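Participant: Just passing along the structure, written as structure tokens.
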Amino acid sequence: MKLLGVNKMLFGGDYNPEQWPEEVWDEDMKLFEEAHVDVVTLDVSSWAALQPSDDVYNFEKLDRIMKMVTDHGLKVVMATPTAAEPAWMAKKYPETLKTEAGGTRRHFGGRQNMCPNSPILRKFYAAMAGKLAQRYKDYDNLVAWHVSNEYCGYCYCDTCTKKFREWLKVRYKSLDAVNKAWNTSFWGHTYYDFDEIVLPDLLSEEFHFGGEEWQVKSNFQGMSIDYRRFMSESFLECFDIEKAAIKKYMPDTPVTTNFMGGFEQFDYKEWAKHVDFVAWDNYPKFGSPESDTSFWHDLMRGIGGGESFSLIEQTPGVSNWHPYCALKRPGVMRLWSYQAVAHGADTVMFFQMRRSIGACEKSHSALIDHAGTDETRVFREMKELGAELVKLGDATLGAVAKAKAAIVFDFENWWATELSAGPSVDLNYLDEIHTWYKGFSDLHIPVDIIGTADDMSQYKVVLAPMLYMSEEGFASKLEAFVKAGGNFVTSYFSGIADRNDRIYLGGYPAPWRDILGIWVEESDALVPGSSNSFVYEGKRHECSIVCDLMHLEGAKALAVYESDFYKGMPVVTGNKSGDGEAYYVGTRSDRKFYVDFLGEICAKNGITKLADAPDCVEVTERSNEKGSFVFALNNSDEEQKVVLPYAVRDLLSDKTHDSTVEITIGAKDVLIGKKI
Ligand SMILES: [Zn+2]
């Protein structure tokens, strides 16, 4: 990411002075300076204040805020306030409000509570974004635009229904093609007119599996996947409308919106093509594995084509919406900030700068707490981090990772695996991806996250765990990759369906049978209490979730099941083809298996680890024109030893460490070493 006039990692975040009496503004400026804050995100939530009626706009207060932060040397990320419509607008235009999957039109309230296809709202979005850009275009310190806020929530209103029909006409050209794509002859759901098509909501084709609200399944997955594509595009159109209005006045200033990492509703890979840089909000649950968060950072870097990204929100201390709002322990805010940087972030930004006095985020942490003082633990930790980022300067800006291994992550595949019932309620796309990712993380081997359409030629190893759905042509791409010397690894529940969730006929995984050299005849779900196992390279490993029953068609069995009626059948296979090899793992196994299995494949292909370090120390590397930087993050509560293959200078302590000597990293501490 490139921001004009920015020569260090920006440090700051959401600042909402309009929610406070002006008497505290001076105090804010003093405390920001003390904490080394150099950027504020303004205007996220002020639509009602800026536009009290259809044609009346009032920017007087925002003018004063802009002048104040500019006078104090702060950079500005200007938000458009369009995530929450004003109450007057909802009252006057009730059709702008979202309709839920249960058919209920919502009342005014909350945020992202609007229909993405409302022509009225789209007009207002363009007007607001354009007026803001026109008014503040001459501020040199306005370094980026942040459109709306955390887009989310599908709409099921009549406007969306009509637009979905039009969208289908463009995509499929004919109703016959729609019927075929969705396999509507099943249950006799054939359509004879586009107007017969209604949205797949909870009154039509979707339902809560087992009565659990978090499990939405569909009778017709092809239709539900199309609806998700349509919704993702509908919201993206809203973004594009605002972006175009801004670009009219500020063509060179980058425009983005804040993604939410592990958020399922939209295809962020598609969205990333529309933003000028990727920015995301990182709010891991207390106790969630650090490697889960690393994965989301790597995904955000991956969707942006490997470019650096913006950590645009995280909490300084406590998040207030988790079931248990545990505090970030001392040192963790700093550690997680550097974790983002280690994976590609060029900014360290927070929600928020001053804690809200009321409403739903009054308990959410901020740089300046309700006590209004610099004498809090959170303020002190932020101030120390702010000083470190000043010291780091522009050293790591724009640095990229150079991985030789990649994992395929596919948003549509995530939808498809969630929408289908079976083979096990424990089947979970994210868990499967995280399991494999954790293997690389434990090995200290960097990995990129890519899509099925991305170029694979730069990688020696590509994984596509649980890639149930893939497009026609992906198989031939895999074949070319393997024959040219690549190593492909996939797992159970892969290569099953096309992009409309229609099964590839001819035995699973039909399009990949040749390259994998296997045929999967059946899949057995392991019910609670049941188990199976296999021995790989002399070590016993457990099976879980499902066990694929497969036949060899040229592949070699690398491990076989040890029990049940399929005892002796292969569970792990390898198939040499051309100069490469394709592997299949027909079950979910234990952590040790993935380390051993991936370690062996990487070793065979000359992919080396970045450091000798225990699992609890995360190691990454980024490089730019200034050099290579290794990040070693100690997630544990005890000091740990790390050995690097080259000498480094620690950019934070200025100490030099020779290669092959043990470097001690304190509890929750971080080493940022520049290769020398
Ligand atoms: Zn709608």
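The values are calculated or read from the model by the stated rules, or taken from the named source; none is laboratory data. Values in this document were obtained by computation on a predicted structure and should not be read as measured data. Here the Cβ positions follow ideal geometry from the backbone for every residue, glycine too, while neighbour counts run over all protein chains shown. The accessibility values were calculated without ligands, DNA or RNA, using every heavy atom of the protein model including side chains. Shrake-Rupley method; radii C 1.70, N 1.55, O 1.52, S 1.80 Å.
Participant: On full extension of the chain, what length is gained from LYS123 through HIS208, given 0.36 nm per residue of separation minus the C-alpha to C-alpha distance? Please list the in-between numbers first.
Facilitator: Numbers: separation 85, 0.36 × 85 = 30.60 nm, distance 3.56 nm.
Length gained between LYS123 and HIS208: 27.0 nm.
Participant: Can you tell me the relative contact order of segment 432-570? Whole percent, Cα pairs under 8 Å, sequence separation 6 or more. Provide the component values of the computation, followed by the final result.
Facilitator: Values: 199 pairs, mean separation 22.2, N = 139.
It comes to 16 percent, rounded to a whole number.
Participant: Enumerate by residue number the GluC sites (Glu not before Pro) in segment 455-506 meeting two conditions: DSSP loop (anything except H, G, I, E, B), and at most 11 other Cβ atoms within 10 Å of the site's Cβ. Kindly include the intermediate steps, with their values, before the conclusion.
Facilitator: Working: sites: GLU471, GLU472, GLU479; in loops: GLU471, GLU472.
Answer in residue order: GLU472.
Participant: Beta carbons within 10 angstrom, averaged per residue: use that to sort the peptides 538-547, 446-455, highest first. Don't skip to the end; give the middle numbers.
Facilitator: Details: 538-547: 18.1, 446-455: 20.1.
Listed from highest to lowest mean packing, they are 446-455, 538-547.
Participant: Still on this structure, please answer the following. Just going by the charge dipole of segment 405-604, with Lys and Arg at +1 and Asp and Glu at -1 on Cβ, which of GLY422, ALA557, SER494 is farthest out on the positive end?
Facilitator: Projecting each Cα onto the dipole axis, the largest value belongs to ALA557.
Participant: Starting from the amide H of PHE259, placed 1.01 Å from N in the peptide plane, find each other amide H under 5 Å away whose residue is 5 or more places distant or on another chain.
Facilitator: Correct list: ALA279, TRP280, ASP281.
Participant: Right, here's the next one. How many times 2.2 N^0.38 Å is the alpha carbon radius of gyration of the chain? Please report the intermediate quantities before stating the final value.
Facilitator: Numbers: Rg = 26.1 Å, N = 676, 2.2 N^0.38 = 26.2 Å.
Normalised by 2.2 N^0.38 Å, the Cα Rg of the chain equals 1.00.
Participant: Of THR376, GLY473, MET569, which is farthest towards the positive pole of the chain's charge dipole, taken about the Cα centre with +1 and -1 on the beta-carbons of Lys, Arg and Asp, Glu respectively?
Facilitator: GLY473
Participant: For the chain, what does the accessible surface come to per residue with a 1.4 Å probe? Please give it in Å². List each step's numbers first, then the result.
Facilitator: Details: 26550 Å² over 676 residues.
Ligands and nucleic acids excluded, the result is 39 Å² per residue.
Participant: Cα to Cα, under 23 Å, and not fewer than 8 places away if on the same chain: which lysines meet these conditions relative to LYS173?
Facilitator: Output for LYS173: LYS162, LYS163.
Participant: Quick one: grab the alpha carbon gyration tensor of segment 178-225, order the square roots of its eigenvalues as a ≥ b ≥ c, and give me rounded if a/c is under 1.5, else prolate or oblate depending on whether a/b is larger than b/c.
Facilitator: prolate
Participant: Leaving out ligands, DNA and RNA, what percent of the accessible area of the chain is carbon and sulfur, probe 1.4 Å? Working shown, then result.
Facilitator: Details: 13560 of 26550 Å².
In the chain, the share of accessible area belonging to carbon and sulfur is 51 percent.
Participant: Here's a follow-up. So what is the relative contact order of segment 173-257, in percent, for Cα pairs below 8 Å that sit 6 or more residues apart?
Facilitator: Working: 49 pairs, mean separation 16.4, N = 85.
Contact order relative to length: 19 percent.
Participant: Can you flag which of LYS92/LYS169; LYS8/LYS75; LYS2/LYS137; LYS131/LYS248; LYS8/LYS674 are past 22 Å Cα-Cα? Each step should come with its number before you reach the end.
Facilitator: Values: LYS92/LYS169 32 Å; LYS8/LYS75 12 Å; LYS2/LYS137 18 Å; LYS131/LYS248 11 Å; LYS8/LYS674 16 Å.
Where the Cα-Cα span goes over 22 Å, the pairs concerned are LYS92/LYS169.
Participant: Check every DSSP H run in the chain and write down those whose alpha carbon atoms cover 24 angstrom or more along the long axis and whose mean Kyte-Doolittle hydropathy is 0.0 or greater. Let's see the in-between values first.
Facilitator: Values: long enough: 119-136 (26 Å, -0.05); 221-247 (38 Å, -0.23).
Span-like helices here: none at all.
Participant: How would segment 559-676 be classified by its alpha-carbon gyration tensor: rounded, prolate or oblate, with rounded meaning a/c under 1.5 and the a/b versus b/c comparison settling the rest?
Facilitator: Values: a/c = 3.80, a/b = 2.05, b/c = 1.85.
Verdict is prolate for segment 559-676.
Participant: Along the charge dipole of the chain, pointing to its positive end and built from +1/-1 on Cβ of Lys, Arg, Asp and Glu, which listed residue (HIS107, SER365, ILE241) has its Cα farthest out?
Facilitator: ILE241
Participant: Rounded, prolate or oblate: which one fits segment 405-604, using the alpha carbon gyration tensor with axes a ≥ b ≥ c (rounded when a/c is under 1.5, else prolate when a/b beats b/c, else oblate)? All intermediate terms of the calculation are to be shown ahead of the outcome.
Facilitator: On the way: a/c = 1.29, a/b = 1.11, b/c = 1.16.
Note, shape of segment 405-604 comes out rounded.
Participant: For segment 617-675, divide the Cα radius of gyration by the Kirkwood radius and give the resulting Rg/Rh value with two decimals. Mind showing how you got there, number by number?
Facilitator: On the way: Rg = 10.8 Å, Rh = 11.4 Å.
So for segment 617-675, dividing Rg by the Kirkwood Rh gives 0.95.
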